[in-house]
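The values are calculated or read from the model by the stated rules, or taken from the named source; none is laboratory data. What you see is a predicted model; the values in this text were computed from it and never measured. Because the Cβ atoms are built from the backbone with ideal geometry, glycine has one as well, and the counts that use them run over all protein chains shown. Calculation scope for accessible area: heavy atoms of the full protein, side chains included, ligands and nucleic acids excluded. Shrake-Rupley method; radii C 1.70, N 1.55, O 1.52, S 1.80 Å.
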Amino acid sequence: MASITLLLGTALRFPALRNTSPRTKTVVALGTYVAWTTLTWLLEGRIQTLLRPEAVADRLAYTVLTNIVVGTILALLLVREFVVNDFTTRSALGFRSVPRTVGGIIVGGALGFGVYVLQQPPTTDLIVIVNVFAQVLPVSIAEVVVCWVVVGGSISAVLRHRGLHPILAKGTALGVSAVLFGAYHFAHSPPFNTLAMVSLLTVVGVGTGLVYFGSGSLYGALIFHNVMALFGIISSVVATGQLEMYQQPLVPLLATAAVALVVLVSVERLAVTSP
């Protein structure tokens, strides 16, 4: 995986982006969000992929192309260009040292699971929770990378370049990222594309933004964000009578989640490097 990531990092360079203005870099970041959201609609919302459990090929295409290839790999390779010319830094984007990363994961996980338990979830079966966590993870990775790292990170950076106080820059980036995260769900299949759900998910986005910008940890925000999705997904699984299917380890879900996580860690560690 490391050699593949290095090969991609070498082949997919965007040198023309490096010398552009901070404003242009921010426009490119927003364009990345638009492209990812459009692909979400084409491969998921348009054909309601998530409402068709039998559509294995469509689900795989949506997960791999939309969330792993575009939402993770290409998005982080663009971020690499932002870091190379000091538009922003790894640490400002939430890529921290191992101890800080572990600390962020612990804090984000504790907060997320605390909220999950307080909602009186329909089940606390560990196997069900692990399966659903794995099912959601590839999408959550892309959501956090695109909405908070790419867009939020670039907005915070461009505002700092313009002399805005760092706290105000982060606060503005937090708000924009949360709104874009909520709005992107209009590209999904029901019930995620309803105004009520988009509004609710925008609030969830604010929570993720607080963890991301507050802790300065991508992985802490990712764990928190992914756990926050558990209640809704598990409730849906129970409502549709599919709970029994999730009560044994689902190897395809676990394998896909593992691949998505390895891709994320590999690309950010080996490609997104400081100059």
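Structure notes:
- Proximal charge balance of Gly216 [Cβ under 13 Å; K/R count +1, D/E count -1]: +4
- Trypsin sites (Lys or Arg not before Pro) within segment 41-139: DSSP coil, no more than 16 neighbouring Cβ in 10 Å: Arg46
- Per residue, in Å², the accessible surface of the chain once ligands and nucleic acids are set aside, probe 1.4 Å: 45
- Theoretical gain in end-to-end length, Val64 to Val262 [0.36 nm per residue, Cα-Cα removed]: 70.0 nm
- Degrees, to the nearest 10: 98-118 long Cα axis against longest axis of the chain: 40
- Within-14-Å neighbourhood charge of Lys25 [Cβ basis; K, R +1; D, E -1]: +3
- Cα shape, segment 72-185, gyration tensor, a/c 1.5 rule: prolate
- Between segment 21-94 and segment 202-244, the alpha-carbon center distance in angstrom: 18
- Gyration tensor verdict on the chain (Cα atoms; rounded if a/c is under 1.5, prolate if a/b is larger than b/c, oblate otherwise): prolate
- Dividing the mean sequence gap of close Cα pairs (under 8 Å, 6+ apart) by how many residues the chain holds gives a relative contact order of 34 percent.
- Net charge of Cβ neighbours under 12 Å - reference Thr101; Lys, Arg +1; Asp, Glu -1: +3
- In the chain, the portion of solvent-accessible area held by carbon and sulfur atoms comes to 72 percent [1.4 Å probe, whole percent, DNA, RNA and ligands not counted].
- Stretching Ser21 away from Gln120 to a fully extended chain increases their span by 30.8 nm, per 0.36 nm per residue minus the current alpha-carbon distance.
- Efficiency of FRET from Cβ geometry, Met245 and Arg162, R₀ 51 Å, rounded to 0.05: 0.50
- Cα gyration tensor category, rounded, prolate or oblate, for segment 1-151 with a/c compared to 1.5: oblate
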